[in-house]
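Asks: Sharing a structure with you now.
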């Protein structure tokens, strides 16, 4: 069959978005891997699927598959693209919309300036929420990771934004240490379902820089949940104010959190092209 899709990106974090409300198809992990290949397929960080919801109080179900074919709970940049897609495809005229994910319900709102505002829900710090092997909840944890044929004690914050994140404060985002630690933390044994590894550099109380080694995708140009996780970690550590500009390699997001309640993320979502592919 010919499957319609859109190619989209949020700050360079790119997606194949498929409407399975008006189309019917079942993706296998091996097909996701094939389609994600940037030389032989469409090429993307994640596949986003629009489905009818199981909950009658929400508008859509939002499913996310990494490039390696694994299904994950949440993707913040993808959520903004999801909102833009369902409006451009005229699947809904509602604004805001409520969307069901594997980690709960989120709310998406399109702004007049083409930005999308996403209510990402409350951050969860309990180790069991990630999951993370720790005896008790703490603001900071020390984990040992291989580095330069030895080991390095990493001080991290651990938080779930619907998916698991470990956030580390560093002085230089481009250092060889960061390059090595990204995959080591992502696959560390203390995170039984793996983790998104974030490395933040604080500019001042309202701005930070961030790189994320994303679970199942590797280094990415942007990670919306990673930006949220870094901001709330820095906020808990007393390093930033309630609104922070988070600069990622692909661009910037605005994250708001006052230390309690929901995290609000604002940023762009762009369509690259529409297409059809034989599957």
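The values are calculated or read from the model by the stated rules, or taken from the named source; none is laboratory data. This is a predicted model, so every value here is computed, not measured. Positions of Cβ are backbone-derived with ideal geometry, glycine not excepted, and every protein chain shown enters the neighbour counts.
Asks: Out of 216, 226, 275, I need the residue that is part of a strand (DSSP E or B) and either touching a residue at least 60 places away in the same chain (Cβ under 8 Å) or touching a helix residue (DSSP H, G or I) at 6+ places or on another chain (Cβ under 9 Å) (or both). Which one?
Replies: None of the others qualify; the one that does is 275.
Asks: From the list 15, 44, 5, exactly one residue is in a strand (DSSP E or B) and within 18 Å of the chain's Cα centre (by Cα). Which is it?
Replies: 15
Asks: Got a sec? Which of 5, 82 is modelled with pLDDT of 95 or more, more than 26 Å from residue 124 (Cα to Cα) and crowded, with 23+ Cβ neighbours inside 10 Å? Even if it seems obvious, please write down each step before you answer.
Replies: On the way: 82 fails: more than 26 Å from residue 124 (Cα to Cα).
Selected residue: 5, the only one of 5, 82 that is modelled with pLDDT of 95 or more, more than 26 Å from residue 124 (Cα to Cα) and crowded, with 23+ Cβ neighbours inside 10 Å.
Asks: Within region 97-108, work out how many residues are more than 22 Å from residue 5 (Cα to Cα) and in contact with a helix residue (DSSP H, G or I) (Cβ under 8 Å, 6 or more places away or on another chain).
Replies: Result for region 97-108: 1.
Asks: Let me ask another. If a residue has to be touching a strand residue (DSSP E or B) at 6+ places or on another chain (Cβ under 6 Å), closer than 19 Å to residue 225 by Cα and surrounded by fewer than 16 Cβ atoms within 10 Å (Cβ to Cβ) to count, how many in region 92-104 make the cut?
Replies: Result for region 92-104: 0.
Asks: In the list 88, 115, which residue meets the criterion of being assigned by TED's automatic domain parsing to the domain that holds residue 274 and under 18 Å from residue 255 (Cα atoms)?
Replies: On inspection, the qualifying residue turns out to be 115.
Asks: Sticking with this structure for a sec: Within region 253-266, restricting attention to residues that are surrounded by fewer than 24 Cβ atoms within 10 Å (Cβ to Cβ) and within 14 Å of the chain's Cα centre (by Cα), which residue is farthest from residue 7 (Cα to Cα)?
Replies: If we take residues in region 253-266 being surrounded by fewer than 24 Cβ atoms within 10 Å (Cβ to Cβ) and within 14 Å of the chain's Cα centre (by Cα), then 264 is farthest from residue 7 (Cα to Cα).
Asks: Output the number of the condition that residue 23 fails; it satisfies all remaining conditions of (1) buried (at least 23 other Cβ atoms within 10 Å of the Cβ); (2) assigned to a loop (DSSP other than H, G, I, E, B).
Replies: Of (1) buried (at least 23 other Cβ atoms within 10 Å of the Cβ); (2) assigned to a loop (DSSP other than H, G, I, E, B), only one is false for residue 23: (1).
Asks: Considering each residue of region 169-196, count those that are touching a residue at least 12 places away in the same chain (Cβ under 8 Å) and within 20 Å of residue 75 (Cα to Cα), and give that number.
Replies: Residues flagged as touching a residue at least 12 places away in the same chain (Cβ under 8 Å) and within 20 Å of residue 75 (Cα to Cα) within region 169-196 amount to 10.
Asks: Moving to a separate point now. Name the single residue, out of those in region 174-193 being outside any helix (DSSP H, G or I) and crowded, with 17+ Cβ neighbours inside 10 Å, that is nearest to the chain's Cα centre (by Cα).
Replies: Taking the candidates together, the pick is 191.
Asks: Let me ask something additional. So if I check each of 134, 145, which one is over 23 Å from the mean Cα position of the chain (by Cα), touching a residue at least 40 places away in the same chain (Cβ under 8 Å) and part of a loop (DSSP other than H, G, I, E, B)?
Replies: Just a single option satisfies the conditions, and that option is 134.
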